[in-house]
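Input: a single structure, listed below in structure tokens.
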Amino acid sequence: MTCIFCNIKEVILENNLAFAFYDKFPVNKGHLLIIPKRHVEEYFELTNEERTAIDVLLMEGKTLLDKTYEPDGYNIGINCGKAAGQTVFHVHVHLIPRYNGDMEDPRGGVRGVIPKKRIY
Ligand code: AMP
Ligand code: ZN
């Protein structure tokens, strides 16, 4: 099966083991995805070196988005497995810029993976 993330052309950031590119259906402007260059389905299969490379691009991505879009906050998320909502089975870290007022009450953030449990 062909993998869309193994064939990404519009790379924004790159190092020896990872790429970052803009999400095609962004949650907010600036939504970045960070992936290992190697085709690996799930986060927990990554090597320590790949996790480090992804983390470096996460930090560089934050610097870039701070400059470009000046967001007020971020959500960082990884969907690990179908039950957790993963739809593209090449591991990717979502770096989602957040803006004041982008939703009515943002309290709970990533707890919103189960919407009715978001606010505690
Ligand atoms: P997930 O549900 O965590 O597997 O996330 C998959 C993400 O990939 C979603 O946020 C999609 O908007 C994004 N996406 C799907 N196809 C493409 C594509 N061709 N280029 C960039 N992002 C994509
Ligand atoms: Zn792939």
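The values are calculated or read from the model by the stated rules, or taken from the named source; none is laboratory data. Keep in mind that what you see is a predicted model, and the values were worked out from it rather than measured. Glycine gets a Cβ as well: all are built from the backbone with ideal geometry, and neighbour counts include every protein chain shown.
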- Filter result (surrounded by fewer than 16 Cβ atoms within 10 Å (Cβ to Cβ), outside any loop (DSSP other than H, G, I, E, B) and within 14 Å of ligand 2 (Cβ to nearest atom)) within segment 39-78: 45
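Given 91, 110, which one is on the phi < 0 side of the Ramachandran plot, modelled with pLDDT of 95 or more and either more than 16 Å from ligand 2 (Cβ to nearest atom) or in a helix (DSSP H, G or I) (or both)?
Matching residue, one of 91, 110: 110.
Given the structure, is residue 75 over 26 Å from residue 2 (Cα atoms), modelled with pLDDT of 95 or more and touching an Asp or Glu at 6+ places or on another chain (Cβ under 7 Å)? Outline the logic, then answer.
On the way: over 26 Å from residue 2 (Cα atoms): yes; modelled with pLDDT of 95 or more: yes; touching an Asp or Glu at 6+ places or on another chain (Cβ under 7 Å): no.
It is false that residue 75 is over 26 Å from residue 2 (Cα atoms), modelled with pLDDT of 95 or more and touching an Asp or Glu at 6+ places or on another chain (Cβ under 7 Å).
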- Query: On the given criteria, is residue 81 free of Cβ contacts under 8 Å to residues at least 60 places away in the same chain, farther than 28 Å from residue 7 by Cα and surrounded by fewer than 17 Cβ atoms within 10 Å (Cβ to Cβ)?
  - Reply: no
- For segment 69-94, name all the residues that are among the β-branched types (Val, Ile, Thr) and under 15 Å from residue 59 (Cα atoms). 76, 93
- Note on the structure: When (1) free of Cβ contacts under 8 Å to residues at least 40 places away in the same chain; (2) surrounded by 17 or more Cβ atoms within 10 Å (Cβ to Cβ); (3) over 13 Å from the mean Cα position of the chain (by Cα) are applied to residue 11, the one that fails is (2)
